[in-house]
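Okay, so here's the structure we're looking at.
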Amino acid sequence: MTTHEVFNQVPPLEGHDVADDAALLDGLDREGAGWAAAEVHELGRLAGTARAQEWGRLANEYPPVLRTHDRRGHRVDEVEFHPAWHELMTVAVTHGLHGAPWADAREGAHVARAAKFYAWRVDAGHGCPVSMTYAAVPALRQAPELAARYEPLLTRSEYDFGLRAPLTKNALLAGMSMTEKQGGSDVRANTTEATPRPDGTYRLVGHKWFTSAPMCDVFLTLAQAPGGLTCFLVPRVLPDGALNPLRLMRLKDKLGNRSNASSEVEYENAVAWRVGDEGRGVRTIIEMVNMTRLDCVIGAAAGMRHGVTTAAHHAAHRSAFGRYLIDQPLMRNVLADLAVESEAATTLMMRLAGATDRSVRGDEGETAFKRLALAVSKYWVCKRWPAHAAESLECLGGNGYVEESGMPRLFRESPLNSIWEGSGNVAALDILRAIVKNPRTIEVFFDEVERAAGADARLDAAVREAKDSLTDLATAELRARRIAERLALVLQGSLLVRHGHPAVADAFCATRLTGDQGGAYGTLPPGLDLTPIIERATPKTS
């Protein structure tokens, strides 16, 4: 005799195309990379399979393990990963999510890469070495001789794991090693010392507090040279095959991002090559930081999309009190509100990717726009993700609180992007720095926003308010977060009014710009058309 029959449980969210996302695909066309749609869909379909989702689960269920010595006592400083990690990395690298756009002359190459990075979201942790490799190339170009040797390997779409002399490998991955325990974001407080040698190399001595993905082949590292803080290229293995003395002391026990190894590293006279002039280390490595900030925004937007599609899928199949959840007014309000936030983030992310692509190709106006808009977006979109993840999880009720749903992993991941590459205060203050140092940035920013002038009175009023917030510079630092928020909202509002679905744009302007919104998701006012908003967020499974 059976004790119960299983019913009213939601089928797995499998067999769908993650890239079937109107905001993503419209942005792909609009920003000049429509030619990449087939590959974006290919990745999206793979991301929607049970096989790929299992790779993501296993890579987090069995996190990396540090092996400092081999069984004979030799120092090896290696990190051991579950095979699922290598499957994830192989897909990411062979599809060019790392440095490939730098070797692609097609317009929109960086937009295509952003869309693929967004669609391939079965695991966030392996995105770290992928992102850092992408970001390393423009910084490395400050040393043309080094770039000539290493860039072809950093842009090659082949995953070649293992510690070997970099220039003997088929392809390379790059990391970044900046923060120290006494300084954190204040990298000018770094104490790692770099001593020049007669052969043109340097020897580095110091301790790095956070070095993610320590199995990368090379790292861009900050250290104090005689001329001041300087950027260096540090390989894990020297040209003669000997290990460079980068000692992995321990792996961090992190809240989330558990598939990715984050380590503490001691440099014991490690061999390094200078990248850029002595004393200009921050200016050199900021090229890398800005590119990884773009990926912070992409990752947060992708996480929001994952959250709301999972919630909508659950609501479409789960009934309570005689109706499916998705047909109940209050749940529809929650889902639509989550979807509006997600579409605003995705639309903004694609605009930033387009600005990046055009900036790389020499567009000075887009470079100035990106300088400010990227800092604004890094602050706001990443800040919005944790609450969004929590509400998405809650849509599943108790089932969402169970690891098997995948939602706890999403929730644990959500704070990271706001911390990585400058936490909220750092990003907000960077916005002020950009405006003061280069007033052109705020001019082109509002030029972009005002392309929607006259299309929506609520947006026009919000733009005036945002401009007014910049008039009192004496209190600007105290108000930096408010300023960042207003700038982000008017930019998102302008993009949605011009390019988004009318129902999404209307809901965004009615709530985010006028203040007709509660303190939680699911507080949209009456009178909005929620049906198309929810339909756009509900995944189509086979």
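Below, the figures for the structure above:
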read-out: Dipole-positive endmost among S262, T90, M350 within the chain (Cβ charges, Cα centre); value: S262
read-out: Extension reserve of the D529-R51 stretch, reckoned as 0.36 nm per residue once the Cα distance is removed; value: 168.4 nm
read-out: Of L163, M176, A148, farthest towards positive along the dipole that unit charges on Lys, Arg, Asp, Glu beta carbons give segment 142-181; value: L163
read-out: Efficiency of FRET between D70 and D160 - r from beta-carbon atoms, R0 22 angstrom, step 0.05; value: 0.55
read-out: Proximal lysines relative to K437, as straight alpha-carbon distance under 24 Å, when same-chain residues fewer than 8 apart are discounted; value: K370, K378, K467
read-out: For E535, solvent-accessible area (1.4 Å; no DNA, RNA or ligand), Å²; value: 120 Å²
read-out: Computed lengthening from T2 to A320, 0.36 nm per intervening residue step minus Cα-Cα distance; value: 112.1 nm
read-out: Local net charge near L528, Cβ-Cβ under 11 Å (Lys/Arg +1, Asp/Glu -1); value: -3
read-out: Virtual spin-label span in nm between V426 and E80, 7 Å along Cα→Cβ; value: 3.3 nm
read-out: Within the chain: Cβ-based charge dipole about Cα centre, in debye rounded to nearest 20 (Lys, Arg +1; Asp, Glu -1); value: 1020 debye
read-out: Mean separation of Cα contacts under 8 Å, 6 or more apart, over the residue count of the chain: relative contact order %; value: 15 percent
read-out: Theoretical FRET efficiency, 1/(1+(r/R0)^6), r = Cβ-Cβ of I286 and V205, R0 22 Å, to 0.05; value: 0.35
read-out: Ordering of 28-36, 181-189 by packing [mean C-beta count within 10 Å, highest first]; value: 28-36, 181-189
read-out: Apportionment of accessible area to carbon and sulfur, segment 110-266, percent (1.4 Å); value: 51 percent
read-out: Alpha-carbon centroid distance for the pair segment 96-125 / segment 418-492, whole angstrom; value: 28 Å
read-out: Cα gyration tensor shape for segment 426-487, rounded if a/c is under 1.5, else prolate or oblate; value: prolate
read-out: Inter-label distance, nm, simple model (7 Å from Cα along the C-beta direction), A387/R479; value: 2.1 nm
read-out: Cα shape, segment 476-542, gyration tensor, a/c 1.5 rule; value: prolate
read-out: Total formal charge among the other residues, if their Cβ is under 15 angstrom from that of R75, Lys/Arg +1 and Asp/Glu -1; value: +1
read-out: In Hz, Karplus ³J(HN,Hα) per residue of segment 132-137 (6.51, -1.76, 1.60; θ = phi - 60°; x = Gly, Pro); value: 5, 5, 4, 7, 5, 4
read-out: DSSP beta bridges in segment 147-256 [antiparallel fraction, %, rounded to 5]; value: 70 percent
read-out: Neighbourhood charge, 15 Å Cβ-Cβ cut-off, centred on E42 and excluding it, Lys, Arg +1 and Asp, Glu -1; value: +1
read-out: Solvent-accessible ranking of D17, D337, largest area first, probe 1.4 Å; value: D17, D337
read-out: Area accessible to solvent at W209, 1.4 Å probe radius, in Å²; value: 80 Å²
read-out: DSSP beta bridges in the chain [antiparallel fraction, %, rounded to 5]; value: 90 percent
read-out: Cα gyration tensor, segment 334-412 - rounded (a/c under 1.5), prolate or oblate; value: prolate
read-out: Net dipole in debye of segment 465-528 [+1 Lys, Arg Cβ; -1 Asp, Glu Cβ; about Cα centre; nearest 20]; value: 140 debye
read-out: Segment 348-387 residues near the modelled A103 label - backbone nitrogen below 20 Å, point 7 Å along Cα→Cβ; value: 357, 360-361
read-out: For segment 327-481, with +1 on Lys and Arg beta carbons and -1 on Asp and Glu, the positive-most of A480, A387, A462 along the dipole; value: A480
read-out: For segment 276-380: relative contact order, % (alpha-carbon pairs under 8 angstrom, 6 or more apart); value: 30 percent
read-out: Rounded accessible area per residue of the chain, 1.4 Å, Å²; value: 41 Å²
read-out: Assigned charges on the beta-carbon of Lys, Arg, Asp, Glu; segment 334-481 dipole about Cα centre (debye); value: 440 debye
read-out: Carbon/sulfur fraction of accessible area - segment 371-528, other protein chains in place, 1.4 Å, %; value: 54 percent
read-out: Using alpha-carbon coordinates, inclination of helix 109-119 to the longest axis of the chain, degrees; value: 60 degrees
read-out: Principal-axis tilt of helix 457-468 within the chain, Cα atoms, nearest 10 degrees; value: 40 degrees
read-out: FRET efficiency estimate (nearest 0.05) - Cβ-Cβ, Q182 to A242, R0 25 angstrom; value: 0.25
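The values are calculated or read from the model by the stated rules, or taken from the named source; none is laboratory data. Quick caveat, the model's predicted, so the values are computed rather than measured. We place every Cβ from the backbone using ideal geometry, glycine too, and count neighbours over all the protein chains shown. Heads up: the accessible areas ignore ligands, DNA and RNA and are worked out on the full protein's heavy atoms, side chains in. Shrake-Rupley method; radii C 1.70, N 1.55, O 1.52, S 1.80 Å.
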